[in-house]
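Just below is one structure, and these are the notes that go with it.
The values are calculated or read from the model by the stated rules, or taken from the named source; none is laboratory data. Model, not experiment: these values are computed from the prediction. Cβ: placed from backbone, ideal geometry, glycine included. Neighbour counts: every protein chain shown. Surface accessibility is based on the protein's heavy atoms, side chains included, excluding ligands, DNA and RNA. Shrake-Rupley method; radii C 1.70, N 1.55, O 1.52, S 1.80 Å.
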Amino acid sequence: MAAAPVDVIGSTPLSFTDSDGAQKVIPLSALQFNGSDLQVRSTWSARFDAGETTTLLALAKARAGAGELNPPPVPPPVPALSFTAARTGVETNNIRVSVDAEEGAAPLAAKLTVTATETDSYPTLATGDAAAMAIGVDAPTGTAGDPVAGTGLVVVKKGSTGATAKPAVADTGVLKKATGVDLKDADGKVVLTLLPRADYKGTGGLSYIVAVNGATFTVSATYDSTKETGTQTPVTLQNLGDLPAQVGYLVTASAPPSGAALPSDASVQLSGGAPGLAATGLLYT
């Protein structure tokens, strides 16, 4: 969205000789900055002929170049919305939230379309057992040295590894609630069974890719709220707690300590996630 023209700030008006040889004094309110370009405001343009307009703008641009004319100072952006991952873990740092604010509406009534994505990637896996250690499992034993509980979008089904010591072959697909997919080696043996996290109840928004890198493979899982089925109603600053379930699967929204404000159209990558800690992020005005 293009920025609106702004006022011209300076200490003195402009003065020049018009086409009739008369001296004209022009207030700075007759001008505007449109980006870095100086223009005559439409309400004043009819008062000058083409030659006078050229003279006026040349004079104004010379004074701007000397630092005598400037746009008004831009206030620094302030926090508008706060987002927190709906769970904890290092993978919550992979969440990106985007907001598209309705134009032309009053701030409290403006509709905010919120979307969220997450991509977790686990590279350089040689075997199913190595994948279980890197990704985590659905039912950890709690024994030291065994795989821990997975905190990302996907987990490895406990006991599904060990049938082969070879890497998985390339594969891709969409995961469904409580339904696993067997990743197999070149001989058709199961390397591991990949499951969506236990709290996943969506349809269509969770996908996986297995990429082969020589003797190792990479498992990547992506959740995209826009690909989930069902209504995804925008929210306003007054009902941030009512994010669509498809977005709420990844994040919650709230007002920052300074109070909620209408954000600029932007996105934010969450950060600060760690074992036992949820990643967070701020959008600004």
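Quick one: order S254, S160 from most to least accessible surface, probe 1.4 Å.
Order by accessible area, largest first: S254, S160.
What's the FRET efficiency of D129 with Q269 using the Cβ-Cβ distance as r and R₀ = 25 Å, to the nearest 0.05?
The computed FRET efficiency comes out at 0.20.
Per-residue HN-Hα couplings for region 65-80, Karplus 6.51 cos²θ - 1.76 cosθ + 1.60 at θ = phi - 60°, whole Hz, x for Gly and Pro?
Result, ordered by residue: x, 8, x, 8, 10, 8, x, x, x, 8, x, x, x, 10, x, 10 Hz.
Using a Gaussian network for the chain with springs between C-alpha atoms less than 10 Å apart, which of these wobbles most: D224, D187, D171?
Highest fluctuation of the listed residues: D187.
Long-range amide H contacts for K184: which residues qualify at under 5 Å (H placed 1.01 Å from N, peptide plane, sequence gap of 5 or more or a different chain)?
Amide H to amide H, under 5 Å and 5 or more residues apart or across chains, K184 pairs with V169, V191.
If amide H atoms are built 1.01 Å from N in the plane of the peptide, which residues on other chains or at least 5 residues away come under 5 Å of the amide H of G162?
G128, D129
How much length is gained if the chain between T141 and F16 is pulled fully straight, taking 0.36 nm per residue apart and subtracting their Cα-Cα distance, in nm to one decimal?
Net length gain for the segment: 36.5 nm.
If you build a Gaussian network model of the chain, linking Cα atoms that sit under 10 Å apart, which residue out of N93, N213, N70 swings the most?
Its mean-square fluctuation being the largest, the pick is N70.
Give me the net charge for the shell around L250: Cβ to Cβ below 9 angstrom, other residues only, Lys and Arg +1, Asp and Glu -1.
That sum, taken over residues with Cβ under 9 Å, equals 0.
Ordered by residue, what ³J(HN,Hα) values in Hz, to whole numbers, does region 254-266 give under the Karplus form 6.51 cos²θ - 1.76 cosθ + 1.60, where θ = phi - 60° and Gly and Pro are x?
My calculation for region 254-266 gives 7, 7, x, x, 7, x, 6, 9, 6, x, 6, 5, 6 Hz in order.
Please arrange E68, E52 by accessible surface area, largest first, computed with a 1.4 Å probe and ligands excluded.
Ranked list, largest accessible area first: E68, E52.
Give me, ordered by chain and number, the residues 5 or more places off R87 or on other chains with an amide H under 5 Å from its own placed amide H.
Residues meeting the amide H criterion: none.
FRET efficiency for T231 and V6, Cβ-Cβ distance as r, R0 = 30 Å, nearest 0.05?
Step by step, r from the Cβ atoms, then E = 0.15.
Taking a point 7 angstrom from the Cα of D242 along the C-beta vector, which residues in region 108-129 have backbone N less than 13 Å away?
In region 108-129, the label zone of D242 (backbone N under 13 Å from the point 7 Å along Cα→Cβ) covers 109-112.
Checking the cross-link filter: which lysines have an alpha carbon closer than 26 Å to that of K177, excluding same-chain neighbours under 8 positions apart?
Correct list for K177: K157, K158, K189, K201, K227.
Evaluate E = 1/(1 + (r/R0)^6) for A255 and V74, where r is the Cβ-Cβ distance and R0 equals 25 Å; express this FRET efficiency to the nearest 0.05.
Calculated value: 0.60.
Given the Cα-Cα distance of T54 and A109 and 0.36 nm per residue of separation, how much length would full extension add, in nm?
15.4 nm
What nm value, rounded to one decimal, do you get for the distance between R47 and K61 when each label is placed 7 Å out toward the C-beta?
2.2
At K189 and T285, where each label point lies 7 Å from the Cα along Cα→Cβ, what is the point-to-point distance in nanometres?
6.3
Which one of I26, I135, I209 has the biggest mean-square fluctuation once the chain is modelled by GNM with Cα springs under 10 Å?
The residue that fluctuates most here is I26.
Using label points projected 7 Å from each Cα along Cα→Cβ, tell me how many nm separate A149 and V90, to one decimal.
That separation, rounded to one decimal, is 1.8 nm.
Report the gain in length on full extension from A198 to D37: 0.36 nm times residue separation, minus Cα-Cα distance, nm rounded to one decimal.
52.4 nm
Specify which labelled value, from [x] 29.7; [y] 19.4; [z] 21.9, agrees with mean projected area of the Cα convex hull in nm² derived from the coordinates of the model shown.
[z]
With a 1.4 Å probe and all protein chains kept in place, how do K111, K166 rank by accessible area, largest first?
K111, K166
Taking the Cβ of V235 as the center, what net charge do the other residues with Cβ under 10 Å away carry, scoring Lys and Arg +1 and Asp and Glu -1?
Overall, the nearby charge balance is 0.
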